[in-house]
Structures are given as C-alpha cells and as structure tokens.
Amino acid sequence: MLLKTFGWSFAVTAAGLALAGVLWGWQGLAIVGILSILEISLSFDNAVINAGILRKMNAFWQRIFLTIGILIAVFGMRLVFPVVIVAITAKLGPIEAVNLAINDKAHYQELVTSAHPAIAAFGGIFLLMIFLDFLFEEREHKWLAWIEKPMAKMGKLDTLSIIVALVVLLVSAMTVATSVAHGGGDKSATVLLSGVAGLITYLVVGGISGYFEDKLEEDEEDDADAAAASGGAVNGTPPVQRKGAGAGAVMGMAGKAAFFMFLYLEVIDASFSFDGVIGAFAITNDIFEMALGLGIGAMYIRSLTVFLVRKGTLDDYVYLEHGAHYAIGALAVILLITIKFEINEVITGVVGLVLIGLSFWSSLVRNRREGKPGSDAPAKSEVTSGV
C-alpha cells in the first residue's frame with residue numbers, strides 16, 4: 001500500500017531532482033531538495049486537515065484531489081500565484097510580470113515580499129477561522145479538555161468565531177500602521193481589506209460546502225429511516241456502505257457537496273502554501289526552481305493525505321485532528337505576526353510538528369488505556385478524557 005500511495009511522489013521526486021540537476025547543476029539540485037523538505041515540514045498539519053475532509057468524499061473525488069488538485073497546487077499556487085500577486089500589487093500586465101520574474105529576479109522578489117502583509121492577512125484570518133470553528137465546536141473527544149470544554153460552551157454563540165477573528169484582524173491592522181519589517185509605509189488598510197477578504201472567502205466556500213454536507217447527511221438519515229421501516233432496504237435495495245468505513249457509514253460525498261468541499265480543500269491548501277512560497281525566497285528567487293521544489297513537497301502532502309484516509313489513521317488516533325487544528329491556529333497567529341515582524345520559517349515548521357507529535361503521543365496513550373490499536377491492554381468500557 002505504501003508504494004501504491006506514494007509511488008507517484010517517488011517518481012516525481014526522481015524526475016524533478018534529475019531535471020534540476022540537468023538544468024541548474026548540483027546547486028540547483030540541492031536547492032530543489034531543500035525546498036521540497038521545507039514544504040513537507042511546513043505542511044504536515046495540512047495533510048491531517050485534508051484527510052479529515054477527504055475521507056468524507058467518494059473515490060472519484062479523492063482521485064480528483066490527487067490529479068486536478070495537485071495541478072492547482074503545483075502550477076497554480078507555487079508558480080502562477082506569486083506572478084499574479086506581483087502583477088496586482090505592481091499594477092503590471094501578466095506578460096510584464098512573467099518577464100520580470102524571469103529576467104529581473106531581484107526586483108521580482110522585492111515585489112512579492114512587499115505584498116506579504118496582504119498575503120499574510122488573508123491566509124492568517126482564513127486559517128484562524130478554521131481553528132476557531134474547531135475550538136468552539138462540541139465534539140465527542142477532547143484532547144486538551146481544560147481548554148476545549150469551556151470553549152465548546154462559549155461556542156454556543158454562533159457568531160463568536162467571526163467576532164474573535166474580526167477583533168484579531170482589527171488589532172493586527174492597528175499595529176502595522178507603519179510596518180518596519182516589510183518596507184515601511186502605512187499598510188493598515190491593506191491588511192484590513194485582505195483580512196476581510198479571507199474571512200468572506202471562508203464564510204462563502206465553507207458555508208456552501210457545509211450546507212451541502214448537512215443536506216447530504218439529512219438525506220442519508222431519511223434513507224436510513226426508510227430502510228429501517230422496510231426491513232433494512234429501500235425499494236428492495238440495501239443501503240450502500242462506504243469502503244473502509246464502519247457499519248452504518250454510507251457512500252462518500254459526491255455531486256455538489258463534494259465539489260464545494262473540493263473548493264474548500266483547495267483554499268485551505270492555498271492558505272497553507274502562503275508561508276511556504278514567501279519562505280522559499282530566502283533560498284532562491286528563481287520561480288522555476290521554487291515551483292519544482294515546492295511542487296515535489298506538495299506531492300508528498302497529497303500522498304500522505306490519501307494514506308491517512310485509506311489507513312483510517314484519524315479514526316485510530318483521535319487526537320491527531322486536534323493537534324493539526326492547534327497547529328493551524330499557531331500558523332494563523334504566526335502569519336499575522338509576520339505582517340510586522342520577521343519569523344523564521346523553521347519555527348513555523350517545528351511548532352506544527354511538535355503539536356502533531358504531542359497529539360499522536362496522546363492518542364497512543366488513550367489507545368493503551370482503551371485497548372485500541374497499538375496496545376495489548378484490555379479494553380475499557382468508558383472513554384477516558386483527553387490530556
């Protein structure tokens with residue numbers, strides 16, 4: 001299964017490194033390799049979040065995520081996106097922006113870096129909303145119960161996450177009226193506008209996908225009730241079971257619900273890629289080296305996402321999603337801080353890996369107590385609370 005899931009990633013890595021060696025020599029090969037590692041380390045939590053969403057989809061949309069989704073991730077976010085940002089912020093035409101990226105790399109890097117406040121505000125608020133909605137939601141399993149229990153009670157106020165995000169955005173905009181870290185000048189209006197755009201994007205895409213997901217669940221419940229009333233079948237046909245899921249689980253999400261969930265996944269991936277793209281300029285300002293290195297890393301994130309879904313890892317290690325969402329919250333805060341201050345990308349990657357590592361360890365402890373996978377201990381009848 002490992003080779004089947006990661007086979008394309010291994011192949012792309014070999015081809016990409018070989019291409020880098022041919023085009024740019026040993027130095028280019030090393031740069032591409034470093035960028036790949038950077039992308040993986042920064043986006044491991046992205047894979048966990050993606051897996052939590054992808055497991056709701058059917059096999060067709062999972063394949064779409066691996067094919068069309070990877071094209072969007074590699075060419076759209078790692079190659080086209082920086083050029084588009086330069087074209088918009090510098091008020092250049094597409095051809096002029098591409099020409100600048102190829103022939104005047106230093107100026108191109110300067111323009112992308114100057115656009116960082118807008119990028120960070122958009123991505124930071126979008127990711128913050130994901131974290132807040134997770135934190136304020138009542139759920140069966142609680143990892144850091146001393147935080148999550150009171151937050152779940154506060155979350156009964158439906159608009160609380162929006163209020164918190166807007167307050168954070170307002171504070172961020174006020175504190176960067178004169179940004180020292182990114183070229184000076186009053187960028188508060190830019191930060192405020194970009195943050196509101198990130199919030200609106202989250203509400204629109206997440207809201208539509210959530211609507212169709214809820215509607216699908218209602219239809220499934222109606223079918224289940226009808227099946228129960230007719231002896232386990234609807235019109236003589238038993239309910240369809242989802243491959244790899246437990247009893248009672250229905251076929252994965254499809255149609256409009258899956259389409260909008262796919263869009264939601266891509267926006268999440270875009271938000272995660274912001275810090276990777278900006279951080280890559282510390283290593284190279286060649287857009288093709290950058291796209292190749294970050295693209296290889298993105299392939300592994302995609303493969304890891306599918307691996308987690310097929311292995312049912314999130315069901316076996318229930319606190320992994322918690323750790324990933326806390327990592328998202330940390331990344332959101334870091335992005336907003338970087339509007340004003342410089343923070344090394346290594347810190348971002350380490351924080352995410354530590355949080356996920358701790359949540360995995362907590363899951364192992366819970367499994368030992370419950371006699372779940374990875375433990376020979378006798379099973380208990382009650383689920384113990386989180387750490």
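Between Lys256 and Gln27, residue separation times 0.36 nm minus the direct Cα-Cα distance comes to 77.8 nm. Per residue, the solvent-accessible area of region 1-107 (1.4 Å probe, heavy atoms of protein chains only, all protein chains present) comes to 52 Å². Simple spin-label estimate for His107 and Lys153 gives 6.0 nm between the two label positions (7 Å along the Cα-to-Cβ direction from each Cα). Could you tell me the calculated FRET efficiency between Ala14 and Ile68, based on Cβ-Cβ distance and R0 = 25 angstrom, to the nearest 0.05? Here the calculated transfer efficiency is 0.60.
The slack between Ile34 and Ile95, meaning 0.36 nm per residue of separation minus the straight C-alpha distance, is 19.0 nm.
Using mean Cβ contacts within 10 Å as the protection proxy, how do 167-176, 329-338, 9-18, 292-301 order, highest first?
On the way: 167-176: 17.3, 329-338: 22.0, 9-18: 15.4, 292-301: 25.8.
Packing proxy ranking, top to bottom: 292-301, 329-338, 167-176, 9-18.
Between Phe360, Tyr300, Leu336, the Cα set farthest toward the positive side of the dipole of region 278-372 (charges on each charged residue's Cβ, about the Cα centre) is that of Phe360.
Among the listed pairs Lys91/Lys340; Lys142/Lys311; Lys4/Lys311; Lys56/Lys256; Lys56/Lys311, those whose Cα-Cα separation exceeds 20 Å are Lys91/Lys340; Lys142/Lys311.
Residues whose amide H lies under 5 Å from that of Met57, counting only those 5 or more places away or on a different chain, are Met253; hydrogens are built 1.01 Å from N in the peptide plane.
Put a dot 7 Å past the Cα of Asp315, heading toward its Cβ, do the same for Leu353, and the two dots end up 3.0 nm apart.
The values are calculated or read from the model by the stated rules, or taken from the named source; none is laboratory data. Keep in mind that what you see is a predicted model, and the values were worked out from it rather than measured. Virtual Cβ from ideal backbone geometry, glycine too; neighbours counted across all protein chains shown. For the accessible areas, the whole protein counts, side chains as well, though only heavy atoms, and no ligand, DNA or RNA atoms are used. Shrake-Rupley method; radii C 1.70, N 1.55, O 1.52, S 1.80 Å.
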